[in-house]
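Worksheet: one structure, shown below.
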Amino acid sequence: MAESLEYGRISFEFAEEVDRLSDPDEVANSTRRTMTIFGLQLFGFFARVPSPVERLENIGLAKQTPEMAEWLKIYDDGRYAEIDPIARRLRHCVVPFEHGEVPYGSNPRAAELRQRRRDFGFASGLSVPIFGSSGRTGYVSYAIFKGLKPDLRAHERRAFYLMTIYAADRICRLRAAQSAQKPVLTNRQREVLTWAAAGKSAWEMGEILNISTRTVEEHAQQALERLGAVNRTQAVAIAIRDRLIAI
């Protein structure tokens, strides 16, 4: 009973802390610190389950740690979203689940992904679907590393789920507020960033859009300034994240 009350206190203190935060990355950092009491060190908040052509790194709702960013690059470069059994479970599941419960089947690519996870150091994981008033709004996945054996008792599991859902809701609300204030790009700026995302050079974009290379560079620079990006790659990532362009 005493332990249950203690985790209840931790949950309420966590909720009060994230309510005071005004940046999604700060909420993610607070969550990361708090979840260490459960033996969970690496996680990601994602806007939705990725489609086969989407990259997880483009649909994250908060800044990733360098280690998580490294894993997402492996996952995205391997195009594992199209065969990932965990992603498949997330598309249909409405309750949290442990990754060890998910069968990988006989698909060689799924077996390859499981081995890549093990090689990276993952022993298992936990995923929590997130729902809002309009239905499914995303999910949170936690990694369990080799050597860590989180054995969550009932009251710990309730506290863990409560804090995860509360943090995800706070991040979504802050992101919505940011989106309401997001910069507006002109049609030409969006076109330039869309072709940049496809790997086209300024000269190639000029040929496609029937404008000069100099004009392409001007539109690209204006887009960078509006998005607060330091280079074209970052501008493309921001535009995709904020759904200013589609690929």
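The values are calculated or read from the model by the stated rules, or taken from the named source; none is laboratory data. Since we're looking at a predicted model, the values are computed, not measured. FYI the Cβ positions are ideal-geometry reconstructions off the backbone, even for glycines, and counts take in every protein chain you see. Remember, those area values only see protein heavy atoms, side chains included, never the ligands or the DNA or RNA. Shrake-Rupley method; radii C 1.70, N 1.55, O 1.52, S 1.80 Å.
Rundown of residues vs (1) at pLDDT below 90; (2) assigned to a loop (DSSP other than H, G, I, E, B); (3) under 30 Å from residue 129 (Cα atoms), yes/no style:
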{"residue": "164", "(1), (2), (3)": "no, no, yes"}
{"residue": "167", "(1), (2), (3)": "no, no, yes"}
{"residue": "205", "(1), (2), (3)": "no, no, no"}
{"residue": "217", "(1), (2), (3)": "no, no, no"}
{"residue": "224", "(1), (2), (3)": "yes, no, no"}
{"residue": "240", "(1), (2), (3)": "yes, no, yes"}
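For region 107-134, a tally of residues being more than 19 Å from residue 82 (Cα to Cα), open to solvent by 40 Å² or more (accessible area, probe 1.4 Å) and not in a helix (DSSP H, G or I) returns 4.
Within region 47-95, being in a loop (DSSP other than H, G, I, E, B) and small (Gly, Ala, Ser) holds for 47, 51, 62, 78. As a summary of the residue check, residue 48 satisfies the conditions (1) in contact (Cβ under 8 Å) with a residue 60 or more places away in the chain; (2) basic (Lys, Arg); (3) crowded, with 19+ Cβ neighbours inside 10 Å except for the one numbered (3).
For residue 209, are the conditions met, namely being out of contact with any strand residue (DSSP E or B) (no Cβ under 7 Å at 6 or more places or on another chain), under 16 Å from residue 245 (Cα atoms) and open to solvent by less than 70 Å² (accessible area, probe 1.4 Å)? Taking the combined requirement at face value, the residue does not satisfy it.
Cβ-Cβ contacts under 6 Å between residues 6 or more apart (or on different chains), taken from a first residue in region 225-246 that is touching a residue at least 40 places away in the same chain (Cβ under 8 Å) and surrounded by 15 or more Cβ atoms within 10 Å (Cβ to Cβ) to a second residue that is among the hydrophobic types (A, V, I, L, M, F, W, C) and not in a helix (DSSP H, G or I), are listed as 235/229; 239/245; 244/185. Of the residues making up region 84-139, those that are among the polar types (S, T, N, Q), within 19 Å of residue 61 (Cβ to Cβ) and at pLDDT 90 or above number 1.
Of all residue pairs spaced 6 or more apart or on separate chains, those with beta-carbon atoms under 6 Å, a first member in region 1-18 that is open to solvent by less than 20 Å² (accessible area, probe 1.4 Å) and a second member that is at pLDDT 80 or above and among the aromatic types (Phe, Trp, Tyr) are 15/166.
Which one of 231, 210 is within 22 Å of the chain's Cα centre (by Cα) and more than 15 Å from residue 47 (Cα to Cα)?
Working: 210 fails: within 22 Å of the chain's Cα centre (by Cα).
Criteria check complete, one pass: 231.
Inspect all residues belonging to region 26-36 and state whether any of them is without any contact (Cβ under 8 Å) to a residue 24 or more places away in the chain, of a type in the set (Ser, Thr, Tyr) and open to solvent by 40 Å² or more (accessible area, probe 1.4 Å). Yes, region 26-36 contains at least one residue that is without any contact (Cβ under 8 Å) to a residue 24 or more places away in the chain, of a type in the set (Ser, Thr, Tyr) and open to solvent by 40 Å² or more (accessible area, probe 1.4 Å). For region 40-73, filtered to residues that are charged (D, E, K, R) and within 10 Å of the chain's Cα centre (by Cα), the residue that is nearest to residue 126 (Cα to Cα) is 48. Whether a residue is at pLDDT below 95 and within 30 Å of residue 131 (Cβ to Cβ) was assessed, and residue 171 passes this test.
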